[in-house]
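Each remark here refers to the structure printed beneath this line.
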């Protein structure tokens, strides 16, 4: 389910009544995008991918109806063909620069019956390492991090239900920073920008522990 960008009108226009409606929508969209980029809170699990023997890369596809674009891979899991779902193992993200420093250019062409690592390129194509030589039907589970598209008119409900004030603050900070406009107010823009940053930081905690009371600090062991 999704929420229209226009839902933020009642939170923004009373503070900036002179701002044009299209500019308000653009500011809300930009704030939603920036919020997701800063927090990585919007995740989406793709349909299972079948691994083809001796095929290293896989194009990740997001349904058009989500109005989302991939920022990064959140988690990639693999299982050998025919195994039950409880046999999925988590692949390790790798650094191309580290691999080339350690092993030279040939590392990317190494093969193995099963992959153990992955990376995502600039086109958001998923690459496996080592190259799997054995096929696995629906053997790959990929969860990605999304941001709204630049032409979206709606966003996921949770952005409105849980973070409406933060996104409104980001949109108002953007609008009020427009030098030359009648509503330009750099001081108020800075105040709303701080509110937006604080809201993003709070959302990062939700990303880390979910909607739970799990503490982030490591509990000290009691010595006997």
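General remarks:
- The single condition among (1) out of contact with any helix residue (DSSP H, G or I) (no Cβ under 9 Å at 6 or more places or on another chain); (2) surrounded by 13 or more Cβ atoms within 10 Å (Cβ to Cβ); (3) in a helix (DSSP H, G or I) that residue 50 does not meet is (3).
- Looking at 137, 123, 162, just one residue is within 25 Å of residue 64 (Cβ to Cβ) and assigned by TED's automatic domain parsing to the domain that holds residue 91, and that residue is 123.
- Verdict on residue 60 being within 22 Å of the chain's Cα centre (by Cα), surrounded by fewer than 19 Cβ atoms within 10 Å (Cβ to Cβ) and either within 20 Å of residue 132 (Cβ to Cβ) or outside the structural domain of residue 119 (by TED's automatic domain parsing) (or both): yes
- Scan of region 124-135 for residues that are surrounded by fewer than 21 Cβ atoms within 10 Å (Cβ to Cβ) and modelled with pLDDT of 95 or more, ordered by number: 125, 127, 130, 131, 133, 134, 135
- Of the candidates 30, 86, the single residue that is in a helix (DSSP H, G or I), at pLDDT 95 or above and surrounded by fewer than 14 Cβ atoms within 10 Å (Cβ to Cβ) is 86.
- Qualifying residue in region 153-169 (condition: at pLDDT 95 or above, closer than 24 Å to residue 83 by Cα and under 18 Å from the mean Cα position of the chain (by Cα)): no
The values are calculated or read from the model by the stated rules, or taken from the named source; none is laboratory data. Only a predicted model underlies this, so the values are computations on that prediction, with no experimental measurement involved. A quick note on method: Cβ atoms are made from the backbone with ideal geometry, for glycine too, and the neighbour counts reach across all protein chains shown.
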